[in-house]
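First up is the structure itself, then whatever we jot down about it.
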Amino acid sequence: MTNTYNAVVQAEGHLIDSQLLNAIFDTVIERGGAFEVLHFEIGRTNQDFSQLTLKVSTPTAPALATLLETLIPLGCHVAEEHDAVIRVADRDGCAPDDFYSTTNQRTQVRINGRWVDVARQRMDAVVVVGAGGPECRKLRDVRTGDHIVCGLEGLRVTPEFRDRDRADFTFMANDVSSERRVEVSVTRIARMMRDTKRRGRRIAFVAGPVVVHTGGAAYFTQLIRGGYVDVLLAGNALAVHDAELALFGTSLGVDLEAGAPVSGGHRHHMRAINAINRAGGIRAAVDRGVLTSGVMVECVRAGVDYILAGSIRDDGPLIDTIADIVEAQDRYTAALADVGMVIVLSTMLHGIGVGNMLPAWVPVICVDINPAVVTKLADRGSSQTIGLVTDVGLFLHQLAMQLGSP
């Protein structure tokens with residue numbers, strides 16, 4: 001008789017609407033296991049949760065542990081409740097070998113018989129239990145003596161369920177297409193932005209230089225003046241080409257009015273960097289009248305929190321650009337605290353980085369002409385991503401029109 005290793009798990013929520021039920025069953029089979037439904041109760045209304053009790057089995061103990069770890073992000077937890085296993089970190093920047101690696105979903109830890117919410121939720125972190133309770137912390141920030149949650153016991157993860165009543169959030173979820181009418185999508189995004197501001201929450205934009213290249217900067221400045229941009233996260237290039245446009249009327253040496261390259265225009269972005277740095281940075285350039293128009297000017301005037309993160313390919317860079325990538329990550333994370341919505345404008349690497357920093361309940365709008373970028377952001381674990389495949393300049397034009405109307 002072949003030995004099997006078993007565990008009983010439970011899950012509750014909108015399991016059918018969110019397609020989690022199928023995902024749970026498929027995961028068990030794909031991992032070489034078997035399942036037996038011990039109890040399943042369907043919610044009687046669209047507000048009621050469904051409840052599932054499932055016995056899972058695998059041929060080996062390591063396979064069972066791997067399966068249980070894979071089921072946790074789908075909302076499953078071991079039915080037999082125990083407190084979380086806590087181990088002490090023995091050196092800076094390192095956790096015990098069996099530390100729990102977090103998802104971006106709402107997480108609870110059982111401590112002294114009580115389920116406690118984990119603060120600062122984000123993916124790819126460890127859970128540190130301190131005097132203020134459990135919180136997510138980057139591995140590099142672990143310090144000797146920290147109490148780290150390890151193993152899989154005493155953990156509950158609650159996925160973001162697809163709600164029939166939240167049409168604005170789910171109108172494009174997990175559906176990346178260039179066939180949809182942009183006007184309809186922009187109308188709903190504008191409604192989400194108004195609702196976010198009405199709730200007193202901040203809106204963050206993650207923007208690439210394409211905002212300038214496509215002629216969208218003028219419309220983006222309208223959004224800033226309208227109070228719809230609270231945080232701007234970008235690389236060196238956005239600010240550089242924004243300054244180039246303000247000083248020389250070109251972007252990447254192309255006259256945006258005529259749509260044609262300008263003689264010697266390839267030098268303009270370097271001259272723009274030199275002018276800003278000579279002034280002492282972006283804020284000083286605005287104060288001294290070196291910069292009088294553009295995205296960065298409006299950010300300074302409106303008090304928008306902007307952070308420029310550097311990369312290996314930066315020209316210059318501007319002295320405002322944070323060249324230390326660890327510092328830039330920390331600054332991004334701090335700026336994103338308590339944002340209610342994020343809009344990514346044609347910047348794959350910055351978009352993926354920000355997506356990794358966010359909890360799953362913060363909606364992310366990703367706008368890019370390349371559908372692979374939108375798909376990649378969702379594939380990296382940011383399941384809350386709403387994708388819109390279109391030209392960024394067109395999107396910003398229509399969004400500014402929507403938000404400028406009554």
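Coordinate-derived values only; no laboratory data. Everything numeric here is computed off the predicted structure, so don't read it as measured data. Neighbour counts run over all protein chains shown; Cβ positions are idealised from the backbone, glycine included.
Principal axis extents of the C-alpha atoms in the range 280-406 (largest first, rounded to whole Å): 43, 41, 29. Once you divide the Cα radius of gyration of the range 167-404 by 2.2 N^0.38 Å, the number left is 0.96. Among 386-393, 73-80, sorting by the average number of other beta carbon atoms lying within 10 angstrom of each residue, highest first, gives 386-393, 73-80.
Fully extending the segment from His147 to His266, taken as 0.36 nm per residue of separation minus the present Cα-Cα distance, adds 37.4 nm.
Give the aspartates and glutamates whose C-alpha is closer than 13 Å to that of Lys197, dropping any in the same chain fewer than 8 places away, or say none. Qualifying aspartates and glutamates at Cα under 13 Å: Asp230, Asp338.
For the chain, the Kirkwood hydrodynamic radius comes to 23.3 Å, computed from all pairs of different C-alpha atoms. Of the residues Gln384, Gln108, Gln47, the one that moves most in a GNM of the chain with alpha-carbon contacts below 10 Å is Gln47.
For Thr214, nonlocal amide neighbours, meaning residues 5 or more places apart or on other chains whose placed amide H falls under 5 Å from its own, do not occur. Stretched out straight at 0.36 nm per residue, the stretch from Ala323 to Gln51 would grow longer than its current Cα-Cα span by 93.0 nm.
Fully extending the segment from Ala334 to Ser311, taken as 0.36 nm per residue of separation minus the present Cα-Cα distance, adds 6.3 nm.
Rg to Rh ratio, the range 1-79, alpha-carbon atoms and Kirkwood radius?
Working: Rg = 12.7 Å, Rh = 12.7 Å.
Result for the range 1-79 is an Rg/Rh of 1.00.
With distances taken between every two different alpha-carbon atoms, the range 241-293 has a Kirkwood hydrodynamic radius of 11.0 Å.
The aspartates and glutamates whose alpha-carbon is closer than 15 Å to the alpha-carbon of Lys376, local same-chain residues fewer than 8 away aside, are Asp175, Asp368. In the chain, helices alone account for a calculated mean residue ellipticity at 222 nm of -10000 deg cm²/dmol, with every DSSP H run of four or more residues adding -39,500 (n - 2.57).
A simple spin-label model places the labels of Asp17 and Ala258 5.7 nm from each other, with each point 7 Å out along Cα-to-Cβ.
Does a label point 7 Å from the Cα of Arg198, set along Cα-to-beta-carbon, have any residues of the range 340-377 with amide nitrogen under 17 Å, and which are they? Residues 340-341 qualify, since their backbone N sits under 17 Å from the label point.
On the principal axes of its alpha-carbon atoms, the range 81-159 has extents of 29, 23, 23 Å, going from largest to smallest.
Looking only at the range 22-36, which residues have a backbone nitrogen under 17 Å from a spot 7 Å from the Cα of Asn6 in the C-beta direction? So the set is 33-36.
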